[in-house]
Amino acid sequence: MPQMDRTQGYWRPELETMDPQARQEYLDKRVAEIVAHAYAHTPAFKQKLDDLGAEPGDVASVEDLSNIPITEKADLVALQQKNLPFGGLVAAKLKDLKRLYISPGPIYEPGEKKFTDDRWTQAFYAAGFRAGDICQVTFNFNMVPFAFWLDECLQMMGCICIPTGVGNTELQVQFLKDLQVQAICATPSFLAALGDKAEAMGLNLKKDLNLQAAFTAAEMLPESLRASLEERFGMILRQSYGTADIGCLSYECYHLDGMHFAQDCVVQIVDPDTGQPLPPGQPGEVVATNFDKAYPLIRFGTGDLSSYEQGQCACGRTAPKLTRIMGRVDQVTKVRGMFVHPGGVQQVAQKFPQVEAFQLVVTREANQDVMTLVCELGQEMADREALRTGIERQLKEVLRVKGQVDFRQPGTLPKGCKIIDDQRKWD
Ligand SMILES: [Zn+2]
């Protein structure tokens with residue numbers, strides 16, 4: 001059977017390849033619409049604008065969104081507990097729902113009868129899923145919306161869903177083999193577990209299974225793990241990012257190098273202190289606005305840290321890309337005015353295999369922040385000074401803050417210590 005092309009094309013070409021200027025105008029229009037809609041139909045959002053002394057007409061563009069305070073997950077829980085079930089955040093009537101989802105919190109979420117949000121479908125297409133694929137969905141179908149959204153989006157693109165949920169590794173391998181499943185939705189660690197189990201069952205992953213494309217989310221995907229899974233199964237593996245509240249926000253294309261912003265939502269990277277948008281390359285909180293008429297979320301703070309880059313991609317998509325998720329906003333420290341996050345520190349340390357353990361210590365000397373990367377080396381180095389210079393250069397380049405290096409004897413740092421130890425006192 002000839003292999004179909006899984007590397008090119010788009011689910012929503014008119015949006016995914018839109019000229020950036022035209023997209024800006026399109027998004028401005030969509031923002032104005034959803035703000036007017038949410039104001040008219042969701043009491044919680046109306047209250048928010050009223051508190052600002054603003055009217056819907058004052059929020060007519062993506063830029064205007066920055067004036068609206070960010071709504072965090074904790075706010076959803078608090079609003080709902082005051083006004084069950086949805087805290088005045090949902091515009092849809094109960095009779096228009098077919099499911100009620102429950103996310104940890106608890107947060108109650110509406111499942112609309114008519115599901116039209118195709119952002120995960122865009123992600124599937126970019127990951128190489130095609131109409132007619134049989135697809136095993138190994139995410140959790142208990143209470144939370146994610147696996148159901150995937151199921152809806154697979155239907156939308158003409159795939160056939162096998163709703164296996166999590167676990168049952170051996171049975172799942174049997175389904176993959178018996179049904180010659182072409183596509184799978186799974187965490188990277190579960191894909192690895194499936195591969196191990198299949199091999200333990202005496203199967204050849206490439207010959208006995210027929211996996212062509214894999215979609216992953218909800219877990220970090222190290223490049224080494226991606227490479228090994230793609231090689232073992234002989235498939236394309238692409239990741240996507242979103243949250244259980246606001247849905248898909250970005251996804252990788254065939255050409256990798258970041259995750260394109262999903263179409264038909266607004267993704268912003270903002271300064272966690274001020275809520276103001278940051279320029280490309282600067283890490284900040286991912287804040288998003290969807291255009292969901294049933295459950296509009298305007299300026300929803302994900303609590304995740306990332307940065308974005310603009311530019312051409314060989315795939316033809318014109319949307320900016322999230323670089324990667326670097327950690328959580330609550331683990332971030334500000335040093336000399338710059339946000340420093342654990343993921344960035346890790347990124348620096350990983351470039352130097354000689355460094356076996358590390359911790360970034362932030363102190364204050366003569367009213368200046370001092371940043372020191374404490375490093376334990378695996379062996380005695382002949383050229384410590386060259387290594388020191390190399391690490392210091394990377395600290396400056398990756399974290400954008402000047403830092404120093406302190407080499408210590410192995411065993412000095414406690415096992416499993418925090419990546420950033422902020423020792424500054426502010427009294
Ligand atoms: Zn691309």
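The values are calculated or read from the model by the stated rules, or taken from the named source; none is laboratory data. Since this is a predicted model, take the numbers as computed values, not measurements. Neighbour counts are summed over all protein chains in view; Cβ atoms, including those assigned to glycine, are modelled from backbone coordinates with ideal geometry. SASA here: full protein model, heavy atoms, side chains in, ligands and nucleic acids out. Shrake-Rupley method; radii C 1.70, N 1.55, O 1.52, S 1.80 Å.
Per-structure values
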| read-out | value |
| --- | --- |
| GNM result for the chain, Cα springs below 10 Å: residue of 277, 163, 410 fluctuating most strongly | 410 |
| Amide hydrogen neighbours beyond the local backbone of residue 160, cut-off 5 Å, H modeled | 132, 133, 134, 135 |
| Most to least accessible of 201, 235 (protein chains only, probe 1.4 Å) | 201, 235 |
| Residues whose placed amide H lies under 5 Å from that of residue 72, excluding near-sequence neighbours | 301 |
| Charge dipole magnitude, Cβ of K and R +1, D and E -1 - the chain, Cα centre, debye nearest 20 | 440 |
| Rounded to whole Hz, the Karplus (6.51, -1.76, 1.60) HN-Hα couplings of segment 125-135, x for glycine and proline | 4, 5, 7, x, 6, 9, 3, x, 5, 8, 10 |
| Vicinal HN-Hα couplings computed from phi for segment 29-36 (Karplus, 6.51 cos²θ - 1.76 cosθ + 1.60; Hz; Gly/Pro x) | 5, 5, 4, 4, 4, 6, 5, 5 |
| Relative contact order (%) - criterion: Cα under 8 Å, at least six apart; region: the chain | 12 |
| Computed accessible area, residue 203, all protein chains, 1.4 angstrom probe, square angstrom | 30 |
| Estimated 222 nm signal from helices in the chain, with DSSP H stretches of n ≥ 4 weighted -39500 (n - 2.57), rounded to 500 | -8500 deg cm²/dmol |
| Whole-percent carbon and sulfur share, accessible surface of segment 333-422, 1.4 Å | 45 |
| With all protein chains modelled, accessible area of residue 219 [1.4 Å, Å²] | 80 |
| About the Cα centre, charge dipole magnitude for segment 333-422 (Lys/Arg +1, Asp/Glu -1 at Cβ), debye | 320 |
| Virtual spin-label span in nm between residue 61 and residue 175, 7 Å along Cα→Cβ | 4.9 |
| 28 Å Cα-Cα threshold exceeded, pairs from 396/425; 113/177; 73/114; 29/321; 46/73; 73/293 | 113/177 |
